[in-house]
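Here's the structure we're looking at; comments come further down.
The values are calculated or read from the model by the stated rules, or taken from the named source; none is laboratory data. Remember, it's a predicted structure, so these values are computed and weren't measured experimentally. Methodologically, a virtual Cβ is constructed for each residue, glycine included, from the backbone with ideal geometry; neighbour enumeration extends over all protein chains shown.
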Amino acid sequence: MEKFEQFTGIVCAVDRANIDTDALIPKEHLKSIMRTGFGPALFSDWRYNADGSDNPDFVLNQPKTRGASILVGRNNFGCGSSREHAVWAVAQQGFKVVVAPVEGDIPGFADIFRNNCAKNGILTIQLSSGEVDRIFAMAQADRPLEAAVDLEAQTIVFRQPDGDVPFLFEVDPAVKEKLLLGLDDIGESLQFSDDIARFETAHNAQLLSA
């Protein structure tokens, strides 16, 4: 997994709540046993017309979101099934960050989706409902909306003609460290490869002498 670096990217704001994993990647795209090639399937039911052509009304197909790397949605993003393919599709489309609001007892993200994002190098940012409303208002402009993300400082700053609009966000310290170091679960375990090798050597010796 690559280290999460500071970056400035284009925002794609999908103004829907409860975007579930079947909307992110419908079940007909889950046939592959490989972990590649899922990017074009992201939002496929909304993104394409029945004949396979691009739906110009869907925000991801609009010129202002070309090359977008910051995805913004409404609350309960990633609910539904536990399919990790949904996160692969988000990542392989080029998104590094997903933003969603907390509304009362309703979280910004479904737990499994959020955990899968962290394991695949995607930063999930929960902001207040009012802050996300402001992002959607900024995204209404015809021009691309840019934002700078700094995980170390835990800030996301939206570029506007009349001045930057910054937001602070919270992130689990363990998730932050893994993202900054570029460690997935396997990479984290490999940090202790010497200890594992010593244990296995001693363990195998005990088996052979039994």
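Things to note:
- Residue count for region 7-25, restricted to those that are in contact with a helix residue (DSSP H, G or I) (Cβ under 8 Å, 6 or more places away or on another chain) and crowded, with 16+ Cβ neighbours inside 10 Å: 9.
- Pairs with Cβ under 6 Å, 6+ apart, first in region 153-172 and under 15 Å from Asp133 (Cα atoms), second surrounded by 15 or more Cβ atoms within 10 Å (Cβ to Cβ) and of a type in the set (Asp, Glu): Phe167/Glu131
Conditions (1) farther than 24 Å from Pro173 by Cβ; (2) outside any loop (DSSP other than H, G, I, E, B); (3) aliphatic (A, V, I, L, M), marked per residue:
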{"position": "Ala68", "(1), (2), (3)": "yes, no, yes"}
{"position": "Pro101", "(1), (2), (3)": "no, yes, no"}
{"position": "Phe113", "(1), (2), (3)": "no, yes, no"}
{"position": "Cys117", "(1), (2), (3)": "no, yes, no"}
{"position": "Gly121", "(1), (2), (3)": "no, no, no"}
{"position": "Arg134", "(1), (2), (3)": "yes, yes, no"}
{"position": "Asp142", "(1), (2), (3)": "yes, no, no"}
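- Unique match (being at pLDDT 95 or above and of a type in the set (S, T, N, Q)) among Gln206, Gln191, Gln154: Gln154
- Condition met for Arg74 (crowded, with 20+ Cβ neighbours inside 10 Å, assigned to a loop (DSSP other than H, G, I, E, B), charged (D, E, K, R) and touching a helix residue (DSSP H, G or I) at 6+ places or on another chain (Cβ under 9 Å)): yes
- Selection count where residues are in contact with a strand residue (DSSP E or B) (Cβ under 7 Å, 6 or more places away or on another chain) and in a loop (DSSP other than H, G, I, E, B), scope region 144-156: 4
- Residue count for region 88-103, restricted to those that are out of contact with any Lys or Arg (no Cβ under 8 Å at 6 or more places or on another chain), of a type outside the set (Gly, Ala, Ser) and within 15 Å of Asp20 (Cα to Cα): 3
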